[in-house]
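The values are calculated or read from the model by the stated rules, or taken from the named source; none is laboratory data. Here the structure is a predicted model, which means the values were calculated and not measured. Every residue, glycine among them, receives a Cβ derived from its backbone with ideal geometry; neighbour counts consider all protein chains shown. SASA here: full protein model, heavy atoms, side chains in, ligands and nucleic acids out. Shrake-Rupley method; radii C 1.70, N 1.55, O 1.52, S 1.80 Å.
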Amino acid sequence: MRYEKGDIKVRPLKDEDAEFLYNWLNDPRILEYYEGRDKPFTHEMVKEAFYNDDKEKVACIVQYKGEKVGYLQYYPLDDETKLRYGYTNLDEFIYGTDQFIGDSRYWNKGVGTLMIKAMVEYFMLEKGLHRLVMDPMTWNRRAIRCYEKCGYSKARILPQNELHEGEWHDCWLMEYIPD
């Protein structure tokens with residue numbers, strides 16, 4: 001178990017989770033926001049993207065009331081990414097996260113907010129970070145609203161940051177900085 005708060009449990013990704021990822025990443029409702037509807041995943045793509053040897057990235061399954069509902073990964077930002085994001089103090093301890101609620105039955109029910117709040121608490125208490133960052137596309141208002149409810153703020157626009165459904169999109173660099 002990585003961490004747990006209330007009804008949210010976040011645990012390391014296991015081999016048996018691959019079928020959930022495959023199903024989620026073949027649902028056009030999910031792909032509209034994560035990776036793109038033009039890129040449904042094969043089983044091999046799931047294996048390559050989520051079960052690789054990246055020692056820095058920690059891949060997790062999110063459970064809500066015992067049900068697998070989403071995916072979360074976190075990783076320390078390397079110096080190149082820090083500079084690209086506009087951070088000049090390379091000694092800062094900054095983590096990036098990517099996440100999605102893969103079971104759309106749990107959308108608009110506050111589960112994403114619970115997931116992000118639990119994640120923020122874990123990182124601030126356990127990891128002692130200087131800041132957490134994420135980069136949602138500027139048009140993803142639902143995600144941005146969720147992150148802002150959890151204490152994130154918009155830091156700057158990252159122009160043409162993500163290729164999604166054949167087009168480059170601007171993203172918000174959003175950051176959580178502890179008090």
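Go through segment 1-39 and give me each residue that's in a loop (DSSP other than H, G, I, E, B), without any contact (Cβ under 8 Å) to a residue 24 or more places away in the chain and not charged (D, E, K, R).
Answer for segment 1-39, where residues must be in a loop (DSSP other than H, G, I, E, B), without any contact (Cβ under 8 Å) to a residue 24 or more places away in the chain and not charged (D, E, K, R): Met1, Asn26.
For (1) within 14 Å of the chain's Cα centre (by Cα); (2) among the charged types (D, E, K, R); (3) farther than 26 Å from Asn161 by Cβ, each residue gets a yes or a no:
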{"site": "Tyr34", "(1), (2), (3)": "yes, no, no"}
{"site": "Tyr87", "(1), (2), (3)": "no, no, no"}
{"site": "Phe100", "(1), (2), (3)": "yes, no, no"}
{"site": "Arg105", "(1), (2), (3)": "no, yes, yes"}
{"site": "Phe123", "(1), (2), (3)": "yes, no, no"}
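Please determine whether any residue of segment 133-151 is among the aliphatic types (A, V, I, L, M) and within 16 Å of Val58 (Cβ to Cβ). I'd like the intermediate steps shown before the answer.
Residues of segment 133-151 among the aliphatic types (A, V, I, L, M): 133-134, 137, 143-144.
Next, only the ones that are within 16 Å of Val58 (Cβ to Cβ) stay: 133-134.
Yes, that holds for at least one residue.
State which residue is surrounded by the fewest Cβ atoms within 10 Å (Cβ to Cβ) when the search covers only segment 68-78 and only residues that are in a strand (DSSP E or B) and among the hydrophobic types (A, V, I, L, M, F, W, C). Before the answer, list the steps.
Step one: list which residues in segment 68-78 are in a strand (DSSP E or B), which gives 68-76.
Going one step further and asking which of them are among the hydrophobic types (A, V, I, L, M, F, W, C), we end up with 69, 72.
Values: Val69: 25, Leu72: 21.
That would be Leu72.
May I ask you to list the residues in segment 13-26 that are open to solvent by less than 70 Å² (accessible area, probe 1.4 Å) and either closer than 16 Å to His164 by Cβ or touching a strand residue (DSSP E or B) at 6+ places or on another chain (Cβ under 6 Å) (or both)? Write out each step before concluding.
Here is the first cut: in segment 13-26, the ones open to solvent by less than 70 Å² (accessible area, probe 1.4 Å) are 13, 17-18, 21-22, 24-26.
Scanning segment 13-26 gives Leu13, Asp17, Leu25.
Please pick out the residue among Lys55, Lys65 that is open to solvent by 60 Å² or more (accessible area, probe 1.4 Å) and without any contact (Cβ under 8 Å) to a residue 40 or more places away in the chain. Spell out how you get there, then give the answer.
Values: Lys65 fails: without any contact (Cβ under 8 Å) to a residue 40 or more places away in the chain.
Answer to the selection: Lys55.
Which residue is most open to solvent (accessible area, probe 1.4 Å), if the candidates are limited to segment 151-160 and must be of a type in the set (A, V, I, L, M) and closer than 22 Å to Pro76 by Cβ? Quick ask: steps written out before the conclusion?
So in segment 151-160, the residues of a type in the set (A, V, I, L, M) come out as 155, 157-158.
Okay, now just the ones that are also closer than 22 Å to Pro76 by Cβ, so 155, 158.
Values: Ala155: 39, Leu158: 11 Å².
Looking at the filtered set, the residue picked out is Ala155.
If you go through segment 40-49 one residue at a time, how many are in contact (Cβ under 8 Å) with a residue 24 or more places away in the chain and either touching a Gly at 6+ places or on another chain (Cβ under 6 Å) or open to solvent by 60 Å² or more (accessible area, probe 1.4 Å) (or both)? Full working, then the answer.
Going through segment 40-49, the residues in contact (Cβ under 8 Å) with a residue 24 or more places away in the chain turn out to be 43, 46-47.
Retained after the next criterion (residues that are either touching a Gly at 6+ places or on another chain (Cβ under 6 Å) or open to solvent by 60 Å² or more (accessible area, probe 1.4 Å) (or both)): 43, 47.
Total satisfying the criteria: 2.
Let me confirm something: among Leu173, Leu125, Leu114, Leu163, which residue is open to solvent by less than 30 Å² (accessible area, probe 1.4 Å) and not in a loop (DSSP other than H, G, I, E, B)?
Working: Leu125 fails: open to solvent by less than 30 Å² (accessible area, probe 1.4 Å); Leu114 fails: open to solvent by less than 30 Å² (accessible area, probe 1.4 Å); Leu163 fails: open to solvent by less than 30 Å² (accessible area, probe 1.4 Å).
Checking each option against the conditions leaves just Leu173.
Among (1) at pLDDT below 95; (2) within 22 Å of Thr138 (Cα to Cα), where does Asp53 come up short?
Asp53 satisfies every listed condition except (2).
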